[in-house]
Number of protein chains: 2
Amino acid sequence: MMDSPPGVADLLGVLAYAELTAFLRFAEDATRHAPSLTDRAALGGLAAAEYAHFQLLRDRIASLGVDPEEAMAPFAGPLDEWHAQTAPGDWLETLMKAYVGTGIALDFYREAATRVDDETRDLVEEVLADEGRSQFAVERVSMAIKEDPRQSGRLALWARRLVGEALSQGQHVALARPELATLLVSEGDDITRMFARLTEAHGRRMAALGLPSRP
Amino acid sequence: MMDSPPGVADLLGVLAYAELTAFLRFAEDATRHAPSLTDRAALGGLAAAEYAHFQLLRDRIASLGVDPEEAMAPFAGPLDEWHAQTAPGDWLETLMKAYVGTGIALDFYREAATRVDDETRDLVEEVLADEGRSQFAVERVSMAIKEDPRQSGRLALWARRLVGEALSQGQHVALARPELATLLVSEGDDITRMFARLTEAHGRRMAALGLPSRP
């Protein structure tokens with residue numbers, strides 16, 4: 001078993017806060033924008049899964065002898081800012097945010113998984129096993145675009161804003177927490193290249209919806 | 001095994017919508033009012049448990065051959081109205097609402113449990129087993145009152161408003177859904193008496209906090 005490398009409490013902290021805040025924001029968006037109780041319940045299910053992930057991460061942080069609140073605190077600002085900059089205006093924007101946001105988060109988990117100790121990796125894999133959960137969002141967005149192709153322009157723009165704001169906040173975090181940045185890049189790699197991989201993966205998700213990823 | 005009596009889809013519908021909306025509102029209140037990430041996570045835990053209850057209820061409704069959305073729809077108005085009338089202004093009001101709201105809901109489950117079929121009763125008991133979950137709210141409110149006894153006046157007033165609005169919405173529901181009202185009262189009983197029992201139980205919860213239940 002590998003020991004926790006430096007930066008692992010930061011990694012768990014940023015993931016824990018991301019899950020906690022995603023849970024709370026999805027719940028809020030579900031109340032505000034879901035067009036039916038069934039849709040509200042579906043987004044609620046995604047939100048509840050985020051809370052379960054938060055609990056796993058929080059317990060793992062505590063088991064490292066770190067206070068979860070302290071581990072999360074440095075990331076509350078950038079993540080709250082991301083949510084403030086990307087408050088959805090309607091149900092399709094809400095679904096797109098769930099799909100794009102969850103997608104970026106899962107890519108980030110995958111990047112992280114290769115560089116952490118065994119026990120942290122088990123936890124990361126448990127989260128990744130839940131990957132199908134945001135599929136309902138893809139199905140509904142695809143359907144909406146099929147029914148009204150004029151939606152695709154504004155949704156493509158919205159998705160670019162979601163990912164652009166995420167990379168911008170990610171860069172702030174990487175500068176402020178060099179140990180976390182080091183943890184996320186291997187020899188011969190750098191953080192810019194990792195961001196490029198995240199952007200490519202985002203492009204593939206957009207293509208799956210039949211949307212352009214670049215203007 | 002007893003068959004589902006008339007009104008049982010209504011009963012499950014009102015409980016399901018109550019759980020779904022409590023989940024979403026607690027999540028929103030946690031984002032808005034929790035003074036620390038630990039507090040936010042604690043209320044989040046209560047919210048996530050409400051979602052788990054919602055899922056149980058929804059599945060039970062579906063197993064009766066009823067569309068969960070249709071079963072919930074008649075109760076969305078009164079429950080949304082209750083939440084709109086009782087939006088907490090700060091963290092202590094949020095905690096008090098969690099304690100009072102969950103308390104009334106559990107009393108209602110207990111009333112209902114005596115009058116439903118076996119399978120529905122199993123579900124009700126599973127929800128009741130979670131009863132300790134809002135205990136953290138009691139502890140924090142008691143502590144706040146001990147530290148600053150001047151809080152007790154406004155919190156007592158707030159609690160009366162919470163229960164008053166609940167009874168008022170409950171009366172609307174009882175009038176609009178006579179089969180549900182019939183289900184909730186046994187021979188020689190009436191709905192007014194059931195409301196009186198709920199009010200008494202509320203008084204005992206207030207006494208546990210050292211608060212008066214009447215002006």
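A few notes on this one:
- Count - residues of the range A:186-201 that are open to solvent by less than 60 Å² (accessible area, probe 1.4 Å) and more than 24 Å from A:ALA76 (Cβ to Cβ): 5
- Any hit, the range B:89-99, residues being within 11 Å of another protein chain (Cβ to nearest Cβ) and either under 21 Å from B:VAL138 (Cβ atoms) or assigned to a helix (DSSP H, G or I) (or both): no
- Of all residues in the range A:114-131 being in a helix (DSSP H, G or I) and more than 14 Å from the chain's Cα centre (by Cα), the one that is nearest to A:ALA42 (Cα to Cα): A:GLU126
- Cβ separations smaller than 7 Å between residues 6+ apart or across chains give the following pairs from the range A:75-87 residues that are within 10 Å of chain B (Cβ to nearest Cβ) to residues that are assigned to a helix (DSSP H, G or I) and open to solvent by 30 Å² or more (accessible area, probe 1.4 Å): A:HIS83/A:ARG25.
- Criterion violated by B:ILE145 - all others in (1) touching a residue at least 12 places away in the same chain (Cβ under 8 Å); (2) surrounded by fewer than 20 Cβ atoms within 10 Å (Cβ to Cβ); (3) not in a helix (DSSP H, G or I) satisfied: (3)
- Residue match in the range B:99-113 (condition: open to solvent by 10 Å² or more (accessible area, probe 1.4 Å) and hydroxyl-bearing (Ser, Thr, Tyr)): yes
- Pairing each residue of the range B:42-53 that is facing another protein chain (nearest Cβ under 9 Å) with any residue that is basic (Lys, Arg) and part of a helix (DSSP H, G or I), provided the two are 6+ apart or on different chains, yields C-beta distances under 8 Å for B:GLY45/B:ARG133.
- Residue list for the range A:41-80, restricted to those being out of contact with any Gly (no Cβ under 9 Å at 6 or more places or on another chain) and closer than 30 Å to B:ASP67 by Cβ: A:ALA41, A:ALA42, A:LEU43, A:GLY44, A:GLY45, A:LEU46, A:ALA47, A:ALA48, A:ALA49, A:GLU50, A:ALA52
- Of all residues in the range A:63-74, those being part of a helix (DSSP H, G or I) and either within 11 Å of chain B (Cβ to nearest Cβ) or at pLDDT 95 or above (or both) number 6.
- Exclusive hit being within 11 Å of another protein chain (Cβ to nearest Cβ), buried (at least 23 other Cβ atoms within 10 Å of the Cβ), in contact (Cβ under 8 Å) with a residue 24 or more places away in the chain and in a helix (DSSP H, G or I), set A:LEU57, A:LEU12, A:LEU24: A:LEU57
- Scanning the range B:169-181 for residues that are in a helix (DSSP H, G or I) and buried (at least 16 other Cβ atoms within 10 Å of the Cβ) yields B:GLN169, B:GLY170, B:VAL173, B:ALA174, B:LEU180, B:ALA181.
The values are calculated or read from the model by the stated rules, or taken from the named source; none is laboratory data. This structure is a prediction, so every number in the text was calculated from the model and none was measured. Cβ: placed from backbone, ideal geometry, glycine included. Neighbour counts: every protein chain shown. What goes into the accessible areas is simple: the full protein's heavy atoms, side chains included, and nothing from ligands, DNA or RNA. Shrake-Rupley method; radii C 1.70, N 1.55, O 1.52, S 1.80 Å.
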